[in-house]
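Asker: A single structure is presented below for examination.
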Amino acid sequence: MLTQRELQISFYYYQGFSQKEVAECLHLSHRAVDNTLQGIYEKIGVCHEKEFKKFLENKGLTQFILPHLLASNIRVID
């Protein structure tokens, strides 16, 4: 459904990071984050942040955690 990069951006954006902060965390330009978010919105059929966050909640994507944030002794189960 969403690419790894889209999931990364969604993770930070859902947590309340601004687009500029997301860009800094992922070493991207602010424009790249903005373009990716617009692509995500189109892909999932939403128009604004509130719908976007609701979509993530309904699909269980709020439980996605970036691998580098997991402790080294925790395994991700597919």
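Asker: Show the residue pairs that are 6+ apart or on different chains and have beta-carbon atoms under 6 Å apart, the first residue being within the stretch 14-43 and of a type in the set (Asp, Glu), the second being surrounded by 16 or more Cβ atoms within 10 Å (Cβ to Cβ).
Answerer: Filtered contacts from the stretch 14-43: ASP34/GLN19.
Asker: Given (1) at negative phi; (2) at pLDDT below 95, where does VAL33 come up short, assuming only one miss?
Answerer: (2)
The values are calculated or read from the model by the stated rules, or taken from the named source; none is laboratory data. Worth saying up front: this structure is predicted, and the values here are computed from it rather than measured. Ideal geometry is used to build each Cβ from the backbone, glycine not excepted, and the neighbour counts take in all protein chains shown.
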